[in-house]
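The values are calculated or read from the model by the stated rules, or taken from the named source; none is laboratory data. Please read these numbers as outputs of a predicted model, since none were measured by experiment. So basically every Cβ, Gly included, is an ideal-geometry build from the backbone, and we count neighbours across all protein chains shown.
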Amino acid sequence: MSWLDDDGDDELDDFDESRIRVRPNPKANRPRTKRRPAHSDAEIGRVLGVDRGRYQVLLGEGTPEERMLTAARARELRRTPIVTGDAARVVGDRSGEDGTLGRIIGIVERTSLLRRSADDTDQVERVIVANADQMLVVVAAADPEPRERLVDRYLVAALDAGIRPLLVVTKTDLADPAEFLRHFEGLDLRVFTSARGEMPVEEIGSALVGHSTVFVGHSGVGKSTLVNALVPGAGRATGHVNEVTGRGRHTSSSTVSLRYVSPAGSGWVIDTPGVRSFGLGHVDPQNILAAFTELAAIAEDCPRGCTHRSDAEDCALNEAAADGRLGPAGLARLESLQRLLATFADKL
C-alpha cells in the first residue's frame, strides 16, 4: 500500500508540524508563561501602614537586623487586599535605605480578619486590620454621648473575627458611666475608665503586652489622645467635638500599627480612623448571639431553628424575660440582641 499521491509527494507531509507557518512576534519578546519564581529567599515582615499603594513593612522584627522598608505589591496580587497587620512575603531591595523599594509577592495565612460594611445590607466588606487578637473599644461617657448600639456592633464584629474585646470609657469627669456600663453586665468584658488628668496608661498598657490590639471608636471620644499617651511620639492627630452637631471630627485618616513598649514587655497598638457607623453585612447572623454570652447560655434551651426575635414562639429568651429572670440589664441586652437580629431577618 502506498501513501504517495499522484505527484509522488508524501501525503504525511500535510501533518508535519515543522511545516506550519508561524506569524513572527511583532514585539520580538518571549511569550508570557504562567510559571512564577518560587522566591525561596523572601522575607516575612509586618505591614505597619498603607499609603497610596505603598506599604510600610517591618522586617527582622525583634532582631538586630530589624529595619523598615517601603514596598509595592506584585502584579499578581492586584486583586488581593493587603492591610495593616498582614504578614507579607517581601523580595527585591530589602535594605530599607532611602529611595529603595521592595516587592510584596504573597501574604501569610491570616489568624484573624476584622471587617465592616457600609451598612447592614451592603455585602461589600471593608477590611480594617489583619492578625489582631484584641479589640479595644473606646467610648466617651459624654461629649459625645455613648452609644450602646454601636458598642454592641463592635462586640459582634470582634467575636465574628475571633478577637477578644476590651472597653475603655473616657471623659468620666464629665459624666458617671455607671448606667451605660450596666448595659454590658454579665459579659466577659474587661472595662477601663479614664478622666482628665487620670488616664490609666499603665493599667491599659498591661493589657496590651504580648498582643496586637486594634483601637476602634466613634470620632471625638479621645481614641487618638489615648494612643498618644500609650505610644509617646506617635503623633496621632487629635480633634474636638462640634458644639452644634455633637459629633467628633475625623482626625486619624489611616490605619497604622504602633509599637507599645513598657518595662513589662511590648505589644502592638493599631489605631484606626473614627467611624460613626459599623455595618455588619458580612457577619453570619447565626454568630450574633455568641457576642451576648449570658444570653447565649439561656438560648441553649431554645428549640432548633429558633430566631430569638421578640415574636419567636417557645423562645427561652422571651420566656426568661417574661418570668423576670433577666433583670433590667438583661432586658436591655436582650433588646439590643433582638434589634440586631431583626436587621438580618431576611438572612435567617
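Does Gly324 qualify as being part of a loop (DSSP other than H, G, I, E, B) and either surrounded by 16 or more Cβ atoms within 10 Å (Cβ to Cβ) or outside the structural domain of Leu181 (by TED's automatic domain parsing) (or both)?
On the way: part of a loop (DSSP other than H, G, I, E, B): yes; either surrounded by 16 or more Cβ atoms within 10 Å (Cβ to Cβ) or outside the structural domain of Leu181 (by TED's automatic domain parsing) (or both): yes.
Yes: the conditions hold for Gly324.
Asp173 passes every criterion in (1) surrounded by fewer than 22 Cβ atoms within 10 Å (Cβ to Cβ); (2) within 24 Å of Leu334 (Cβ to Cβ); (3) not hydrophobic (A, V, I, L, M, F, W, C) apart from (2).
Every condition in (1) part of a loop (DSSP other than H, G, I, E, B); (2) at pLDDT below 90; (3) in contact with a Leu (Cβ under 6 Å, 6 or more places away or on another chain) holds for His308 except the one numbered (2). Does Val169 satisfy the criteria of being under 22 Å from the mean Cα position of the chain (by Cα), over 26 Å from Val47 (Cα atoms), outside any strand (DSSP E or B) and free of Cβ contacts under 8 Å to residues at least 60 places away in the same chain? Against the criterion (under 22 Å from the mean Cα position of the chain (by Cα), over 26 Å from Val47 (Cα atoms), outside any strand (DSSP E or B) and free of Cβ contacts under 8 Å to residues at least 60 places away in the same chain), Val169 does not qualify.
Annotation: of all residues in region 113-137 being modelled with pLDDT under 95 and in contact with an Asp or Glu (Cβ under 8 Å, 6 or more places away or on another chain), the one that is surrounded by the most Cβ atoms within 10 Å (Cβ to Cβ) is Arg116. What are the pairs, 6+ residues apart or on separate chains, where a residue within region 291-312 that is under 13 Å from Gly330 (Cα atoms) has its Cβ under 9 Å from a residue that is part of a helix (DSSP H, G or I) and among the charged types (D, E, K, R)? Pairs found: Phe292/Asp152; Phe292/Arg333; Glu294/Arg333; Leu295/Arg333; Ile298/Glu319. Of everything listed in (1) touching a helix residue (DSSP H, G or I) at 6+ places or on another chain (Cβ under 8 Å); (2) modelled with pLDDT of 80 or more, the single unmet condition for Gly324 is (1).
Quick check: anything in region 285-307 within 19 Å of the chain's Cα centre (by Cα), aromatic (Phe, Trp, Tyr) and closer than 23 Å to Leu114 by Cα? Show your work before the answer.
Residues of region 285-307 that are within 19 Å of the chain's Cα centre (by Cα), as a first pass: 285, 287-288, 290-291.
The next check asks that each one be aromatic (Phe, Trp, Tyr); those that pass are none.
No.
Evaluation of Asp160 against the conditions (1) within 22 Å of Glu335 (Cβ to Cβ); (2) in a loop (DSSP other than H, G, I, E, B); (3) touching an Asp or Glu at 6+ places or on another chain (Cβ under 9 Å) shows that the sole unmet condition is (2). crowded, with 16+ Cβ neighbours inside 10 Å, aliphatic (A, V, I, L, M), under 25 Å from the mean Cα position of the chain (by Cα) and outside any helix (DSSP H, G or I), is that true of Ala88? When the stated conditions are applied, Ala88 passes them.
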